[in-house]
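In what follows, a structure is listed as structure tokens, so that the remarks can point back to it.
No value in this document is a laboratory result; all are computed from the given coordinates. These figures come from a predicted structure and were not determined experimentally. Note that we place each Cβ from the backbone using ideal geometry, even for glycine, and neighbour counts take in every protein chain shown.
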Amino acid sequence: MERQNNNARIFMKSPPRASAKPAAPVVPDDKKMFLPVEAFDPMLDVEDPFKIIEQFKDPATGLTIAYSKWNYPNGEAELRKCIVESYIKEKDLYEIIWTHNTSIKKRVSRFNLIFDREDRDIYERRMAEAHKMREHAEILMK
């Protein structure tokens, strides 16, 4: 019994051992940082949104046709055809109307909009570059 008490006293007086690797701080889910991929769009400050709407306008119809992500309640999504109605400068968003349901309007970033007359390969490379840049930023933040 005396020996156990001595061990307890020695343990309590011992300085804490340094861990080989400091523990990573626990960040609650509501405090985790989210880096929107749109912020890493390499064309973010290069394009003029008003000129783009005109550039991709169909000369036959006068409409600017594009595709944007349509989200289903189950979490799945697909690109659906839409008409780009305008650009809202104060919000830095495009206003679109879905062609399959013209009663629904949506505001989307340029990153979530691919114009019908836009070069798909260039668009895909642009998206890949933005994702790559975001991943790099996230690594630097760790």
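Taking a Cβ cut-off of under 12 Å around Arg117, the surrounding Lys, Arg, Asp and Glu residues balance to a net charge of -3, with basic ones at +1 and acidic ones at -1. Evaluated with a Cβ-only charge set (Lys, Arg +1; Asp, Glu -1), the range 47-142 carries a dipole of roughly 220 debye about its Cα centre, given to the nearest 20. Other residues lying with their Cβ under 12 Å from the Cβ of Lys105 contribute a combined charge of 0, Lys and Arg counting +1, Asp and Glu -1. Kirkwood radius and radius of gyration were both taken over the C-alpha atoms of the range 47-142, and their ratio Rg/Rh is 1.01. Taking each of Lys81/Lys105; Lys69/Lys106; Lys51/Lys89; Lys81/Lys106; Lys51/Lys106; Lys69/Lys105 in turn, the alpha-carbon distance tops 18 angstrom for Lys51/Lys106. A simple spin-label model places the labels of Gln55 and Asp121 1.8 nm from each other, with each point 7 Å out along Cα-to-Cβ.
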